[in-house]
Every structure is written in structure tokens, then in C-alpha cells.
1. Just subtract the alpha-carbon distance of Asp450 and Glu93 from 0.36 nm times their residue separation and send over the number in nm, one decimal.
2. Report, in whole Å, the centroid distance computed from the Cα atoms of segment 120-164 and segment 464-521.
3. Ranked from highest to lowest mean number of other Cβ atoms within 10 Å per residue, what is the order of the peptides 160-170, 41-51?
4. Gly94: net charge of surrounding residues, Cβ under 14 Å, Lys/Arg +1, Asp/Glu -1, itself excluded?
5. Show me the ranking of peptides 328-334, 76-82 by mean Cβ neighbours inside 10 Å, starting with the highest.
6. Sum up the charges of everything whose Cβ sits under 10 Å from the Cβ of Thr494, counting Lys and Arg as +1 and Asp and Glu as -1, but leave Thr494 out.
7. How compact is segment 89-149 by the rule of thumb for globular proteins, expressed as Cα Rg over 2.2 N^0.38 Å?
8. What is the gain in length, in nm to one decimal, between Arg252 and Asn302 on full extension, counting 0.36 nm per residue of separation less the C-alpha to C-alpha distance?
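Rule-based calculations on the coordinates, nothing more; no lab input. Because the structure is predicted, anything quoted here is derived from the model rather than measured. Cβ atoms come from the backbone with ideal geometry, glycine included; neighbour counts cover every protein chain shown.
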Amino acid sequence: MPMMPSALEEAEISNVFTSLVNPTGITIVPCSPTAKPLKTITDVKNTLQQGRKQDLKYILRNNAWPVDHPIRNQMWPLLCTQHQNEKSSNSVEGFYWEMVRQVFGTMELPDKPINLPPFVEPSHCHSYYLTHRGKAAVDRIVSVLGYAYPDIVYSPTIYSICALLLHYISEEECYNCMVCLVVCKEKTFITQTKLLYEVTWKTVMQISKKHVVGALRRRENWRNSMFCFLFWLQKGPAVFLQRHCNSARAERIYMDWIWWIFQGLPFQHLIRIMDCFFHEGIKVFYRTAMAILILFYKSTTNPSSEYQVEIQKNGVESALLKFCKEIPVTPQKFLKVAFGIRGLSSAYISRVFIRTEMVLKSKTVISGSRQLVRSRSSENLPNSQSQNNIQMVSHTLTIREVFGAYCSSRWCERNQKDQRGNRQAYFGTGETFLFSLYPERAKYPWVGIDADRVEHGAELFMAADTKMITIGGGEGQAIWMDENIRFGKTDRCTTFNNPPLCPKGDFEIRVLEVYGFATEQ
């Protein structure tokens, strides 16, 4: 059972936490007497310096350091700064305080609340066990981040992550750690736009439909339960959900997924999750959300359980948050469930995330709304002036067909390599589309825009090497051109579900027009 600290223990705890923390309310869960000796900061440093990232991942997942363990004073900054790059090199000593002077004109903490940047979610400024001065320090760090990185548009988790860091490290260290997480490119730690936040909850929704159900099937015969929470979320208005929750409300449950973690879970669980997050990134939160769903389901199978009563009384959202606050397993058991979900690899999560992002961006950019009815149409195509321009350039040519594509990515991306050093074959995003101007006008957007799931062949947008240029793929190529850009061919392809753009399929290029977009440096 968790134990409240005695007066002597409180004095010891206060030496672990910073002066910005009031430790009196913090519940301490001591290590199991049978647990193996915990790794030290020296073990963590050596593992990181030797580049053994997989071993470090194992250490962080399996060492149940209690919340009052002093290792985090050094370990958290070490984990964050490993993600440092040239854009976070401004984390030199004294830089933060110079920024504080620029923003506030003084280094003294303000007496009154300050106006936080617009990317903060006002209803979710969780400060946990920070004192009044601690909360003011979080406000100041977040404000300086907003000043230094104006591209952050919407980032509701920044405030909570800052507050948690301040429990163990100084204000300046906290800022430096946040900079490393914000600018990191290798992994995602913090989403910074509303679009990407929407991508995260839709990613959680898609992952849960596949992996949480798979985990439950392995654990027990979940099909026999009339109260299967995951069945509610997947099938829409089915059985229990029909009576208590429409489909829009079910989506709303997923929209708040990050607050299951930052608002719901006990402090001791949250701290252990952050140990792993600072090394592995946002995928830790995805696994955390899956673990919550699995454990919540197990707690709601009994119709007379307190959570079933809460569902009947106040709804699924309230019952889920109540469950998170009272979660019936230890932090280490919780992590075991989270990291025991099979098949939930970083590569898989990344594919789901990228595809979801492409769908949302494509709907927004191409149609200007979230509702797009796919059709063969002339919407958003250039006018006939393009054809007139071609004839003016070479009026002696006989032009039989005019067609082309909008390519969403730069062609130089063909040279980029993956983590294994292999050059990627295909690149681009779902904003790419095909068009025909003559003899008829038509547009063929990406098939994934109005599809819940697309096969791999439908995500082959652009490819190029020293011998060819290709647009579209899967069972054919929408546009293929040879190395001299003289001859080409066109077929139906899976990416755009288009017919051949010229009747014969093979064509000779008479005129090639290329338009680019550039921004001022």
C-alpha cells in the first residue's frame, strides 16, 4: 500500500525535489523488497555514452525508481539533452536568463499571473505539487518558449511537461530540456500545431482498434462481454454505446486521450512514464493510452462494478478519468502492460501517424474543408490559358494531350536516407494529385483522402533516380518519364486510381512546363 511520508522522511524527500515543490501531498510507493538493485546514474550515463540505446530503453522501463529517488535530478536533463541539435545549441549557461530579461525586463518572479502564450490550453495547466512560486516559474518558462519559438501554434502538453521537470531540476535546466524536446527532429516529443494534435488522437483511435483488441483476445474471451468498452469505441452505436454515447461523443473520448495521462494518472505512475518518454518520445504516451484502455476494460466487465455505475450515472468519459485516478496496479505493473503490447513498434506507429497526417493535410489543402467527395472533376485546375501558352511557345507543334501533376514535395528528397542508411524509393505526401487539361479537364486526387485505410501501393507518390522520374505507383505508374525527359508512359495506378492520361499509354514529350514555389529566406 502507498505510504504517506513521516516528518523525517519529508525532510529527506525535500532534498530530492526542488525548492519549488511542496512534497507533503506526494504519495511514496516504496520498492518491492524482492526487487533487484536499481541502476545508478553512472549506469545510465555509461549506457548512453556507449550508444547502447536499446539497453538504455530496457533500463528505463524496468527500474522502478520511486518518485523520491534522487536519480532524476541528473537523469532527466541527461535524457533530454541527448536529443540536442544545432537549433538547441542556445542552451548555453545564462542564455535563458538573458531571454527572461528580454521578455519580462527583470529576473524576479512576477507576483501576479501573466498572460500565457496562445498555444497553451488554459483548462489544462496542471502544476501537480508545485508551490505558488513553482507555478510562476512554469508560466515564465512557457512564455519564454513562446517568445523564442513563435512557430509553436498549439501545444497543450508543454505546460504539464515543464511542471513535471521543475519537480526535479532547476528553472534554467527545465528550459534547456524543453528546447531540446521542441526542436528534436529524429523523434516526436511535443506536437506544436492543432493539426498534429488532431493526428495524435486519431492515431490513438486507429491503434486501439487493432492492438488493444488483439491484446484483449490474448488475455481473455472478451467477445462474451456485453460491456466491452473497446467494442463500444470501435463499432459506434452498438449495444451499450447506443444507449449512452453517440459516435461524435465516442470520438470526443479519444480527443482527450492525452489528459487520461497528464490529468488522470497518479503522480507516481506519471513520473515513471516520463522516465521512458524523455528517451523514447511520444510513442510512450501511445502505449500508455493503450494500457489504460486494456486495464479499464478489465475493470468494467462486471456489470455491478463501480465504473459501470459511474458510466450509467455520468458517462464513459467520467468513468475513464475516475479509473485513471484510482488505477489498481503499481507503476511497474502498468508499464509492463504498456510495453507488453505486441506489434506496436515505432515504425508501425510512425506509418499510422504519417498516413493520418497526410489525409488531414490533403483534405485541408486540396478541398479547404474536411468534407471532400472524390470525383473526376476540374475543380482547382488551371484554366485554358496554360494550353494557350503552350501554343504560343511552339505553334508548329501538334499537341494531342496535355496533362501533369502537382507534386507536394521537393524532388531533392529522393536523396534522403532512412535510419539504416538506405535511400528511400518513394517520397511525397497525399497533397499530390494528377490533372488533365486537354482534350478534357479532370483532376485525380489521392485515394487516401476519403478512405479509412489504404494499402501500401496507394502511398507511392513520387520517385526518381538517374534513369527516370515517376509520379504515382502501385499496379502501374501514372506518369513515367525517361532520363532525357523525351519519352514516357502512363497507366492506371493505385495511388490516384486514375485512367491512363493519354489513350495509347506511351507518349513523346513535346513541351514540358515546370512551376515551383519558393519562400523568401
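1. Values: separation 357, 0.36 × 357 = 128.52 nm, distance 5.03 nm.
Once the chain is fully extended between Asp450 and Glu93, it gains 123.5 nm.
2. 48 Å
3. Working: 160-170: 23.7, 41-51: 13.8.
Ranking the peptides 160-170, 41-51 by packing returns 160-170, 41-51.
4. Numbers: positive: Arg101; negative: Glu93, Glu98, Glu171, Glu172, Glu173.
Cβ neighbours under 14 Å give a net charge of -4.
5. Values: 328-334: 16.6, 76-82: 20.4.
Ranked by mean Cβ neighbours within 10 Å, highest first: 76-82, 328-334.
6. Working: positive: Arg492; negative: Glu455, Glu459, Glu475.
Once positives and negatives cancel, what remains is -2.
7. On the way: Rg = 11.9 Å, N = 61, 2.2 N^0.38 = 10.5 Å.
For segment 89-149, the normalised Cα radius of gyration is 1.13.
8. Details: separation 50, 0.36 × 50 = 18.00 nm, distance 2.46 nm.
Extra length available between Arg252 and Asn302 comes to 15.5 nm.
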